[in-house]
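Read through the structure below, which is laid out as structure tokens, and then see the notes.
The values are calculated or read from the model by the stated rules, or taken from the named source; none is laboratory data. What you see is a predicted model; the values in this text were computed from it and never measured. Note that we place each Cβ from the backbone using ideal geometry, even for glycine, and neighbour counts take in every protein chain shown. Note: areas computed on protein heavy atoms with side chains; ligands, DNA, RNA excluded. Shrake-Rupley method; radii C 1.70, N 1.55, O 1.52, S 1.80 Å.
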Amino acid sequence: MPELPEVEALRRALDEPLRAFPIEQAGPAHVATLKTFDPPLAALTGRRLVGAERRGKRLLFPTEDGELVVLLHQMTKGRVRYLRSGEEGPKAPAFRLRFQGGGQLVLTEAGAKKRAGVWLLSPEAAEAELAHLGPDALGLGEQRLAEILASDQRRLHSLLRDQRALAGIGRAWANEILHTARLSPFAASGGLSPGQVRSLAEAIDSELRRGLELRERGAKDTKVYRIHNRLGEPCHVCGTPIARVDFEEHTIYYCPDCQTGGRVLKDRRLSRLLR
Ligand SMILES: [Zn+2]
């Protein structure tokens, strides 16, 4: 799933093209993709967007007149692109915004299951839709992170991915961040020393910024991720083979030397079956 660095890089790329021309036609949208019906998509015709904004992993496109907001969540397989005038687009995108001047924003989604979503909302309704999200992970800071960690006794990997606690991090960047902070994915959030809280705050910031910089240059996963999806490959810090453990519905990657003092983490799903 695209996470904060991927979505922020996309937001920056979309910002200018989206405000260049008024909308000529909104839609069509796949019936499973469009989550709202009132106001209708036709209400966007002739309006101009102010550009692209982001909350966590979601994109927001507010109209210049302040009346409407297009909210878009790519989820796991949805992908948003801006096509310039004359550029060949997909035949049946899940959602499309066509602009005067010929450019278009298209959302496509691989596979039969349509999980990505588009909402057309008033600014108040958009606020309500986003109200459950915690503060943005980028620029969070040590103080705020310490409060979040203290408020919840959770395993770190699980807490970092919880959009209600802090918004923007998913399983890939949780793997990268915890490795940089030299913390176990299974460490309890309330049990960190002040020094570990500082390391985690710094790692959140440095990893998300590293990801953003690389994604803005168009880097692919294999270049961006150093821990995520690298089972058996040498850790870039110490050379120990990267290990993997299944936890809840997710697969976690970590370095046993850098992060868990040499301990191999037990597969929670498997141990549950054996109990
Ligand atoms: Zn290591």
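A few notes on this one:
- Scanning the range 1-34 for residues that are open to solvent by 70 Å² or more (accessible area, probe 1.4 Å) and in contact with a helix residue (DSSP H, G or I) (Cβ under 9 Å, 6 or more places away or on another chain) yields Met1, Arg12, Gln25, Pro28.
- Looking only at the range 246-264, and only at residues there that are away from the ligand (no atom under 11 Å from the Cβ) and either charged (D, E, K, R) or over 12 Å from Arg230 (Cα atoms) (or both), the one that is modelled with the lowest pLDDT: Glu248
- Taking every residue in the range 84-109 that is open to solvent by 10 Å² or more (accessible area, probe 1.4 Å) and pairing it with any residue that is hydroxyl-bearing (Ser, Thr, Tyr) and in a loop (DSSP other than H, G, I, E, B), at least 6 positions away or on another chain, the pairs with Cβ-Cβ distances below 8 Å are Gly101/Ser85; Gly102/Ser85; Glu109/Thr33.
- Among (1) on the phi < 0 side of the Ramachandran plot; (2) away from the ligand (no atom under 14 Å from the Cβ); (3) modelled with pLDDT of 95 or more, the one test that Gln153 misses: (3)
- Qualifying residue in the range 63-75 (condition: touching a residue at least 60 places away in the same chain (Cβ under 8 Å), among the hydrophobic types (A, V, I, L, M, F, W, C) and either outside any strand (DSSP E or B) or surrounded by 20 or more Cβ atoms within 10 Å (Cβ to Cβ) (or both)): yes
- Residues in the range 203-253 that are touching a residue at least 60 places away in the same chain (Cβ under 8 Å), surrounded by 15 or more Cβ atoms within 10 Å (Cβ to Cβ) and not in a helix (DSSP H, G or I): Val245, Phe247, His250, Thr251, Ile252, Tyr253.
- Matching entry among Val106, Val118 (being in a strand (DSSP E or B), touching a Ser or Thr at 6+ places or on another chain (Cβ under 7 Å) and under 22 Å from Glu16 (Cβ atoms)): Val118
- Within the set Leu200, Leu138, Leu156, the sole residue that is open to solvent by less than 70 Å² (accessible area, probe 1.4 Å) and closer than 13 Å to Glu3 by Cα turns out to be Leu138.
Let's see how each residue does on (1) surrounded by 18 or more Cβ atoms within 10 Å (Cβ to Cβ); (2) not acidic (Asp, Glu):
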site: Gly117; (1), (2): yes, yes
site: Pro123; (1), (2): no, yes
site: Glu129; (1), (2): yes, no
site: His132; (1), (2): no, yes
site: Gln143; (1), (2): no, yes
site: Ser151; (1), (2): no, yes
site: Gly170; (1), (2): yes, yes
